[in-house]
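Okay, structure first, notes after.
The values are calculated or read from the model by the stated rules, or taken from the named source; none is laboratory data. The shown structure was predicted, so the numbers you read here are calculated from the model rather than taken from an experiment. Every residue, glycine as well, gets a Cβ built from its backbone with ideal geometry; the counts of neighbours run over all protein chains shown. All accessible areas refer to the heavy atoms of the entire protein, side chains included, with ligands and DNA or RNA removed. Shrake-Rupley method; radii C 1.70, N 1.55, O 1.52, S 1.80 Å.
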Amino acid sequence: QVQLVESGGGLVQPGGSLRLSCETSGFTLDYYTLGWFRQAPGMEREGVSCLTSSNGRTHYLDAVKGRFTVSRDNAKNTVYLQMNNLKPEDTAVYSCAAYPISIDPSSFCSEYASSGSTYWGQGTQVTVSS
């Protein structure tokens, strides 16, 4: 069975860094399109960063460009989101997602979040506050 488990969230001060991890099982990571999404209370979910594992192409939300980096370790079946220079507006629940087809990462981040074929982790809270 497909399973995604996030970890690494927590409380950090503005300007600080966090590294989120998403351990996956039940599928071959290289065949999937992967992504990190976030949702703050009362707001819609948005795609933060997505990665097409087969070719390494990435996409980033404009608000996080230059600060966040998505990567994967196929040997560990793990996807990472390195978050630097965090801002209060980054506060949200961050969830890992996987789509079972290699597609353009920008399309996954913007259009496929609501797809019934998308697998989701349970989410991890990131709070940026002074």
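What the table shows:
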| item | result |
| --- | --- |
| Inter-site label distance for Asp104 and Asn85 at 7 Å from Cα along Cβ, in nm | 2.7 |
| The range 71-130: translational diffusion in µm²/s, Stokes-Einstein, Kirkwood Rh over Cα pairs, 25 °C, 0.890 mPa s | 183 |
| Glu46/Asp73 FRET efficiency (R0 22 Å; Cβ-Cβ; nearest 0.05) | 0.30 |
| Ser25/Ser117 FRET efficiency (R0 25 Å; Cβ-Cβ; nearest 0.05) | 0.90 |
| Value in Å of the Kirkwood radius, where the range 8-89 supplies the Cα pairs that are averaged | 13.5 |
| At R0 = 30 Å, FRET efficiency that the Cβ-Cβ distance of Ser129 and Arg57 yields, to 0.05 | 0.35 |
| Accessible carbon and sulfur surface of the range 1-109 relative to its total accessible area, %, 1.4 Å | 45 |
| DSSP-defined antiparallel bridges as percent of all bridges, the chain, nearest 5 | 95 |
| Low-density loop positions, GluC sites (Glu not before Pro), the range 1-76 - DSSP coil, at most 12 other Cβ in 10 Å | Glu44 |
